[in-house]
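The values are calculated or read from the model by the stated rules, or taken from the named source; none is laboratory data. No experiment lies behind these values; they were computed from the predicted model shown. All Cβ positions, glycine included, derive from the backbone under ideal geometry; neighbour counts span all protein chains shown.
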Amino acid sequence: MANNKNQKIKIKEFKFNFNLRNVFFVIFVFLFLAYIYRSVGSQIKQVLPEKPLTTIVQEVKQGRIKKVDVIDNRIIAYYKDDKLAVTFKENSESFTKILQDNKINLNSIEVNVKDTQSSTGLANILSNLLPTILMVAFFIFLFRQAKGAQDSVFSFGQSRAKRFVKSLTKTKFTDVAGVDEAKKELEEIVDFLKNPEKYKKLGARTPKGVLLVGPSGCGKTLLAKAVAGEANVPFFSIAGSEFMEMLVGIGAARVRDLFDNAKKNSPAIIFIDEIDAIGRARSAGVMPAHDEREQTLNQILVEMDGFTPTEQVVVIAATNRGDLLDSALLRPGRFDRRIIVDFPDLEGRKAIAKIHSRGKPFDESVNWDKVAKRTVGYSGADLENMLNEAAISAARATRLKINMEDIEDAATKVKLGPEKKRLQSDLDKKLTAYHEAGHAVVSHFLPHTDPVHRISIVSRGMALGYTLIPPAKDKLHETKTHLLERISVMMGGRAAEQVIFDEVTTGAANDFDQATMIAKAMVVEYGMSDLGPINYGPTMDITEWGKSYFEQSSISQEMMAKIDAEVKKIITLCFEKAANIIKTNKEILDKVAEQLLKKESLDQDEFEKIVGKKEK
């Protein structure tokens with residue numbers, strides 16, 4: 001009860017704003033009520049019984065009527081027996097005078113006169129003026145919109161960068177893993193801005209810019225968020241596409257405004273995401289130039305290291321197309337540091353998985369070393385998505401903890417898509433089983449390939465089945481022998497179909513696509529053929545002005561025919577090798593296919609029980 005006494009009753013104060021919209025709203029309500037009033041009056045006229053005026057006067061004289069209401073020219077009589085009647089008089093006549101002329105005492109009856117002529121006249125006037133008022137209001141609205149559009153034109157030049165406050169940014173460097181070199185470089189940048197005197201004593205200057213280059217999902221934007229969370233300085237974030245507008249010169253104006261704001265708040269950090277949207281190489285005359293984009297790029301070049309250099313402002317930019325950026329943007333003095341943010345290695349994937357496992361309960365069977373080895377080629381975003389899918393899978397199965405099976409299924413789902421329970425005929429299942437078994441058997445009996453991780457005839461995405469052979473460890477180089485064996489493994493599916501069924505299907509189309517791509521790269525780019533160590537593909541030419549553009553190599557029709565012959569030669573030899581392995585190990589192939597038809601999926605241990613351990 002004491003708490004209730006201390007509570008204060010809050011009364012909201014009503015305030016009426018005298019703007020154009022509210023005034024028109026009040027006028028509309030007034031006219032609406034006037035219309036309702038007039039409509040009700042007409043309804044009363046129609047509902048009450050009408051009598052002659054002389055009859056009403058006689059009934060008043062007889063004392064049968066107790067009260068009379070006079071509304072304009074309408075007279076409503078109230079009888080003592082609670083009945084009502086209506087009559088009408090001339091507008092110029094007075095009902096009281098009519099009673100006096102008939103020698104009726106006015107004190108014997110109650111007469112209420114209600115004059116509505118003034119209000120009705122006002123309503124009529126407003127009704128007549130309403131179209132004019134609405135037209136004037138419409139033109140006022142148009143003029144205000146035109147003025148607002150003019151103001152917005154002048155505001156286009158203002159930067160749309162978002163400023164982040166340290167207290168509101170929760171991402172820290174401890175939330176980033178797998179990119180230790182990049183994180184160390186950015187930690188140094190933050191320290192530069194926090195403690196500039198330490199470096200100035202040794203004559204060091206703050207780097208003007210840091211360029212983060214790498215594939216999508218590897219942590220470039222996450223690193224920028226971590227810098228925003230760690231730096232005790234203003235942090236401005238903007239995307240490259242936000243500089244571009246329809247109006248000419250807006251991009252350059254926004255660049256100037258962005259750097260002016262950063263200088264006023266220096267030391268500060270500017271982060272430009274997807275800088276390739278405005279930082280692409282300027283035209284060398286081969287391709288038509290985009291003037292607006294080039295003006296924006298030129299303004300960035302001037303702001304970063306022009307006649308009046310920027311002090312205490314560091315620009316961090318991110319892109320996954322570093323090869324397309326202008327050479328003037330990449331030179332020292334603008335972007336002093338170029339950091340490659342690549343796919344994480346084994347230890348990096350393990351650290352990333354542990355970061356994203358926070359807040360998720362895992363079973364004791366989960367082996368993070370095995371998870372890291374299983375996810376070769378996964379980006380940080382892939383790993384985060386994989387663990388999220390694993391948690392969803394465990395929740396769907398009403399388990400309290402995430403187990404290794406959930407992670408395995410999620411890893412496959414991230415790369416290949418969800419399972420599809422398609423209605424396949426027995427022949428289709430058998431063809432798919434032998435096709436996938438062919439890949440696995442050929443891979444097992446080749447000396448330089450990695451162990452088979454999983455085989456399945458369960459459809460995922462566009463594939464009717466799949467054979468997973470992830471690399472046992474991260475590789476920095478590819479040898480000719482290993483590439484040839486990879487092509488042989490891809491040919492294993494078609495070889496099994498041809499040997500077992502003496503027939504071919506459309507299931508090997510994707511295998512041929514990948515095999516042809518690898519074989520062509522071996523001939524055209526890697527120099528791994530009899531044509532010698534020459535690059536026959538498109539190259540990037542650099543002009544004397546430092547401008548770059550791609551140009552197709554000029555090769556003769558005769559050389560193109562030789563390239564096609566070499567590609568065909570590589571694929572044919574690999575197919576023959578795969579077919580020989582299938583013929584030699586036909587009984588093992590039958591056993592693997594039979595188990596696939598029974599279980600639909602085989603993991604590494606189940607597969608090696610049939611074919612034996614792979615020789616290292």
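Quick look at the numbers
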item: Output for the range 595-616, where each listed residue is more than 45 Å from the chain's Cα centre (by Cα) and in a helix (DSSP H, G or I); result: Lys609, Ile610, Val611
item: Residue check for Asn112: at pLDDT below 75, of a type outside the set (Val, Ile, Thr), assigned by TED's automatic domain parsing to the domain that holds Val57 and outside any helix (DSSP H, G or I); result: no
item: Wholly enclosed helices (runs of 4 or more DSSP H) of the range 334-411 bearing at least 1 residues crowded, with 16+ Cβ neighbours inside 10 Å and touching a His at 6+ places or on another chain (Cβ under 8 Å); result: 368-374, 380-396
item: Looking only at the range 465-501, and only at residues there that are touching a strand residue (DSSP E or B) at 6+ places or on another chain (Cβ under 9 Å), at pLDDT 90 or above and of a type outside the set (Val, Ile, Thr), the one that is surrounded by the fewest Cβ atoms within 10 Å (Cβ to Cβ); result: Gly493
item: Conditions (1) buried (at least 23 other Cβ atoms within 10 Å of the Cβ); (2) at pLDDT 75 or above: number failed by Asn261; result: (1)
item: Any hit, the range 560-581, residues being at pLDDT below 90, over 22 Å from Arg486 (Cβ atoms) and assigned to a loop (DSSP other than H, G, I, E, B); result: no
item: Qualifying position, being of a type outside the set (S, T, N, Q), closer than 16 Å to Ile570 by Cα and in contact (Cβ under 8 Å) with a residue 40 or more places away in the chain, among Leu483, Leu416, Leu464; result: Leu483
item: Inter-residue pairs, beta-carbon under 6 Å, first basic (Lys, Arg) and in the range 66-77, second in a loop (DSSP other than H, G, I, E, B), 6+ apart; result: Lys66/Lys80
item: Top-ranked residue of the range 176-220 - restricted to ones that are among the aliphatic types (A, V, I, L, M) and within 20 Å of Ser379 (Cβ to Cβ), ranked as surrounded by the most Cβ atoms within 10 Å (Cβ to Cβ); result: Leu212
